[in-house]
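*Asks:* Below is one structure. I have some questions about it.
Please treat every number below as a calculation from the coordinates, not as lab data. It should be emphasised that the depicted structure is a prediction, and the values quoted were computed from it without experimental measurement. All Cβ positions, glycine included, derive from the backbone under ideal geometry; neighbour counts span all protein chains shown.
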Amino acid sequence: MTDDGTSTPASFTLTRALEAPRALVWRAWTDPALTARWWHPSGVEVEPGSVAIDLREGGQYAYTMTVDGQRWPTAGTYLEIHEPELLRFTWRGPEDADEISPRITVALEELGAERTRMVFTLERRVPAEAGEDEDVRDGWRSALDEVLVPLLGELAPREPLV
């Protein structure tokens with residue numbers, strides 16, 4: 001797992017080598033039952049029943065994160081979908097405009113039958129408030145490393161013990 005040094009004030013890239021087949025990683029990004037289990041940093045939860053995904057270009061997704069009684073509704077629009085290798089979508093609050101919202105690109109590359117390289121890039125299109133970029137980067141790092149990786153470990157097929 002690496003943070004490859006391509007961070008700028010307007011974007012960042014997180015690259016991970018995951019111990020899971022690409023089809024499973026794709027499902028983790030596109031299946032509401034799985035996204036509900038990890039689309040949040042550690043210590044935060046996704047509100048039960050709040051995940052909705054219309055997986056088509058121009059389709060919308062939405063979910064609500066909760067912690068300590070506070071709610072963070074999140075939504076976006078799918079801009080580009082190439083199953084099982086590329087997702088590009090906006091990431092925003094429900095009232096925010098897609099035109100100014102950050103764009104996320106998730107590229108998945110097979111590294112053999114049971115491993116996947118995931119390259120996650122968040123690109124801002126307008127400047128963030130002071131400190132917001134670090135908070136967003138830390139939140140996505142936590143979601144990927146502390147929540148997604150263990151989920152994939154739980155779901156990924158394993159070689160039988162001999």
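*Asks:* Any idea what the dipole of the chain comes to, in debye rounded to 20, about its Cα centre with Lys/Arg Cβ at +1 and Asp/Glu Cβ at -1?
*Replies:* With Lys and Arg at +1 and Asp and Glu at -1, about 300 debye.
*Asks:* Given H placed 1.01 Å from N in the peptide plane, which residues other than close sequence neighbours of L86 have an amide H under 5 Å from its amide H?
*Replies:* Those lying under 5 Å, H to H, from L86 are L108.
*Asks:* Using the alpha carbon gyration tensor of the range 2-155, what are the three equivalent-ellipsoid semi-axes (square root of 5 times each eigenvalue), largest first, in whole Å? Before the final figure, lay out each step's value.
*Replies:* On the way: eigenvalues 94, 66, 54 Å².
Semi-axes, largest first: 22, 18, 16 Å.
*Asks:* Another question, if that's okay. For Cα pairs less than 8 Å apart in space and 6+ apart in sequence, what is the mean separation divided by the residue count of the chain, i.e. the relative contact order in percent?
*Replies:* Answer for the chain is 27 percent.
*Asks:* Follow-up. Once you have the alpha carbon radius of gyration of the range 23-101, what is it after dividing by 2.2 N^0.38 Å, with N set to its residue count? Before the final figure, lay out each step's value.
*Replies:* Working: Rg = 12.5 Å, N = 79, 2.2 N^0.38 = 11.6 Å.
Compared with the compact-globule rule of thumb, the range 23-101 sits at 1.08.
*Asks:* Relative contact order for the range 83-152: what is it in percent, counting Cα pairs under 8 Å that are at least 6 residues apart? Spell out each step's value before the answer.
*Replies:* Details: 74 pairs, mean separation 15.8, N = 70.
RCO, the range 83-152: 23 percent.
*Asks:* Still on this structure, please answer the following. Which length gain, in nm to one decimal place, applies between A107 and E83 when the Cα-Cα distance is subtracted from 0.36 nm times their residue separation?
*Replies:* Gain in length upon complete extension: 7.6 nm.
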